[in-house]
1. How many of the residues making up region 1-50 are under 30 Å from D65 (Cβ atoms) and not in a helix (DSSP H, G or I)?
2. Which one is surrounded by the most Cβ atoms within 10 Å (Cβ to Cβ), of the residues in region 9-38 that are over 30 Å from I63 (Cβ atoms) and among the aliphatic types (A, V, I, L, M)?
3. Across region 11-48, what is the number of residues that are without any contact (Cβ under 8 Å) to a residue 24 or more places away in the chain and small (G, A, S)?
4. Name the pairs: first residue in region 49-74 and among the hydrophobic types (A, V, I, L, M, F, W, C), second residue in a loop (DSSP other than H, G, I, E, B) and surrounded by 15 or more Cβ atoms within 10 Å (Cβ to Cβ), Cβ to Cβ under 6 Å, at least 6 apart or on different chains?
5. Can you pull out every residue in region 1-53 that is aromatic (F, W, Y) and under 16 Å from the mean Cα position of the chain (by Cα)?
6. Determine, yes or no, whether M78 is over 21 Å from R26 (Cα atoms), without any contact (Cβ under 8 Å) to a residue 40 or more places away in the chain and surrounded by 13 or more Cβ atoms within 10 Å (Cβ to Cβ).
Amino acid sequence: MAELTYIRVGDYYIPNLIADEPEPVRTVGKYGSLRRSYLKQHRHDLWRELAGSGKLTAHLLDIDDTAQEWMDRMLPQMMDAAGATEELKARDQMAWVGMMNNCRARVEEIIFTELVYC
């Protein structure tokens, strides 16, 4: 154990306390916020149980993490299936943007159906 030292400030001795690095504060993102709203409106008993036990924030952060993992995994697969390649991006940017928006919307619909609104 480290020895405790003091600094003299005027007539007082104040201990040199070094705090451990705090964990970064995480905020609930888009999918977690949507899940919270859904639980509050449609699954009120589950929302009340999670909030009462102090597990609501952890649940919402887990939903955010899982949704981001799904997005990272499924979006490239959808892009390949749709043919949204770098060649198309160079040749016709508007068509590429349209395909990307379509792929992202389809992946989000899967996330909403399977994860957020269930």
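1. First, the residues of region 1-50 that are under 30 Å from D65 (Cβ atoms): 19-50.
Of the ones still in play, those that are also not in a helix (DSSP H, G or I) are 19-29, 43.
Final tally of qualifying residues: 12.
2. Going through region 9-38, the residues over 30 Å from I63 (Cβ atoms) turn out to be 9-19.
Imposing the further condition that a residue be among the aliphatic types (A, V, I, L, M) reduces the set to 9, 14, 17-19.
Details: V9: 8, I14: 10, L17: 7, I18: 6, A19: 5.
Looking at residues that are over 30 Å from I63 (Cβ atoms) and among the aliphatic types (A, V, I, L, M), I get I14.
3. Counting residues in region 11-48 that are without any contact (Cβ under 8 Å) to a residue 24 or more places away in the chain and small (G, A, S) gives 2.
4. From region 49-74, the pairs are L60/V28.
5. Of everything in region 1-53, just one residue is aromatic (F, W, Y) and under 16 Å from the mean Cα position of the chain (by Cα), namely Y31.
6. Yes: the conditions hold for M78.
Residue-by-condition table, conditions (1) hydroxyl-bearing (S, T, Y); (2) at negative phi; (3) modelled with pLDDT of 90 or more:
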| position | (1), (2), (3) |
| --- | --- |
| L4 | no, yes, no |
| V9 | no, yes, yes |
| P15 | no, yes, no |
| S33 | yes, yes, yes |
| R43 | no, yes, yes |
| M78 | no, yes, yes |
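Here is a yes/no grid of residues against (1) crowded, with 17+ Cβ neighbours inside 10 Å; (2) modelled with pLDDT of 95 or more:
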position: D62; (1), (2): no, yes
position: D65; (1), (2): no, yes
position: E69; (1), (2): no, yes
position: R73; (1), (2): no, yes
position: G83; (1), (2): no, no
position: E87; (1), (2): no, no
position: C103; (1), (2): yes, yes
position: R106; (1), (2): no, yes
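The values are calculated or read from the model by the stated rules, or taken from the named source; none is laboratory data. This structure is a prediction, so every number in the text was calculated from the model and none was measured. Don't worry about glycine lacking a Cβ; one is built from the backbone with ideal geometry, like all the others, and counts go over all protein chains shown.
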